[in-house]
Amino acid sequence: MKDPIFYKIVRPIITGLFRFVYKPTYIGLENIPKNQSLVIAGNHTNNLDCLLLISSTKRCIHFMGKHTLFKGIKKYLFTSMGVIPVNRTIKDKNCMIEARKVLNNNLVIGIFPEGTINRTNDIIMPFKMGAIKLAFDTDSYILPFSITGKYKMFKKGPTIEFGAPYVISGNDLDIEKEKLEQIVIELLQKNGENKNEIN
């Protein structure tokens, strides 16, 4: 398995336009591994978060997106960009199989473990298990990130900070999920996120 050619073609264009319009701040880019299989996981604030991540690294990020997006021309677009459809109405085993294929080829998966955009007053919503399970099953690194700030055209935009990559060290995946949550919370608080802490 190789990264999609279309992604490689459009990434520089997306990156240039996104940086020009939204003026994001990037912290910790040196923490992004250059070759290893990688699960990038963090909080979800806006539909533009995917573009923020794409503009952060030259590595192709295979995102996981809800299957209802794969209709008409969008189906061709998302498939060409390496997006993996997820059916949220069932326990979708196919999406996990496809994600493992990506990671087993030393490629990158991007996941927002909250499952949707956080519109609550909590600093994050409880993470789902997918990111941890994929990293555990494939011996991949986890790269935590936080996104703070607003997307405002032609003004100072959001800040994305990448923490240190790490490999899951234990077999208790619930504990590992809580560890990831705590890392992301600490990154958010470091960058001035003022929402209430999650219970």
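The values are calculated or read from the model by the stated rules, or taken from the named source; none is laboratory data. Fair warning: this is a prediction, and the values are worked out from it, not measured in the lab. All Cβ positions, glycine included, derive from the backbone under ideal geometry; neighbour counts span all protein chains shown. For the accessible areas, the whole protein counts, side chains as well, though only heavy atoms, and no ligand, DNA or RNA atoms are used. Shrake-Rupley method; radii C 1.70, N 1.55, O 1.52, S 1.80 Å.
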- Item | GNM top mover of Met96, Met153, Met129 - the chain, alpha-carbon springs below 10 Å | Met153
- Given 10 °C and 1.306 mPa s, how large is the Stokes-Einstein diffusion coefficient of region 56-119 in µm²/s, with Rh as the Kirkwood radius over Cα pairs? 126
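Run lengths n ≥ 4 of DSSP H only: what is the helix-derived mean residue ellipticity at 222 nm for the chain, with -39500 (n - 2.57) per run over all residues, to the nearest 500?
-11000 deg cm²/dmol
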- Task: For region 116-173, evaluate the Debye formula with one uniform point scatterer on each Cα (no solvent term) and list log10 I(q)/I(0) at q = 0.16, 0.17, 0.21, 0.25 Å⁻¹, rounded to two decimals.
- Result: -0.69, -0.75, -0.96, -1.11
- Please state the Cα pair-distance histogram of region 87-199 with 5 angstrom bins from zero: what percent is in each bin? 2, 10, 20, 22, 19, 14, 9, 3, 1, 0
- Note on the structure: Contact order relative to length for region 26-106, counting C-alpha pairs under 8 Å separated by 6 or more residues, stands in percent at 33
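Taking loop as defined by DSSP and a crowding limit of 12 other beta carbons within 10 Å, which trypsin sites (Lys or Arg not before Pro) in region 1-75 fit? Display every interim value, and only then the final one.
Values: sites: Lys2, Lys8, Arg19, Lys34, Lys58, Arg59, Lys66, Lys71, Lys74, Lys75; in loops: Lys2, Lys34, Lys58, Arg59, Lys71.
Passing both the DSSP loop test and the Cβ count: Lys2, Lys34, Lys58, Lys71.
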- Item | Net dipole in debye of the chain [+1 Lys, Arg Cβ; -1 Asp, Glu Cβ; about Cα centre; nearest 20] | 1100
- Short version: what are the Cα gyration tensor semi-axes of region 1-83, square root of 5 times each eigenvalue, largest first, in whole Å? 20, 16, 14
- Of Lys34/Lys75; Lys74/Lys179; Lys66/Lys156; Lys133/Lys190, which sit over 32 Å apart, Cα to Cα? Lys74/Lys179
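Can you give me the relative contact order of the chain as a percent, contacts being Cα pairs under 8 Å and 6 or more apart?
Details: 357 pairs, mean separation 59.3, N = 199.
Once divided by the residue count of the chain, the mean separation gives 30 percent.
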- Spin-label model distance (nm) - Asp172 vs Gln189, 7 Å beyond Cα toward Cβ: 2.1
- Query: Under 5 Å between amide H atoms, partner at least 5 residues away or on a different chain: which partners does Val86 have, H built in plane at 1.01 Å?
  - Reply: Gly65, Lys66, His67
- Set of region 57-92 residues, backbone N closer than 13 Å to the point 7 Å along the Cα-Cβ line of Ile14: 57-65, 77-84
- Task: Compute the Kirkwood hydrodynamic radius of region 1-139, taking the inverse of the mean of 1/r over all pairs of distinct Cα atoms, and give it in Å to one decimal.
- Result: 15.8
- Hey, which aspartates and glutamates would be in cross-link range of Lys155, C-alpha to C-alpha under 20 Å, not counting anything within fewer than 8 residues on its own chain? Asp49, Glu193
- Message: Suppose we keep just the DSSP beta bridges with both residues in the chain; what percent of those would be antiparallel, to 5?
- Response: 20
- Message: For a quick check: with amide H placed at 1.01 Å from N, whose amide H comes under 5 Å from Asn43's, ignoring anything fewer than 5 positions away on the same chain?
- Response: Phe145, Ile147
- Message: Helix check for the chain. Which DSSP H runs span at least 20 Å along their own axis by Cα, with a mean Kyte-Doolittle hydropathy no less than 0.5?
- Response: 5-22
- Query: Counting only protein heavy atoms and using a 1.4 Å probe, what share of the accessible area of the chain belongs to carbon plus sulfur, as a whole percent?
  - Reply: 55
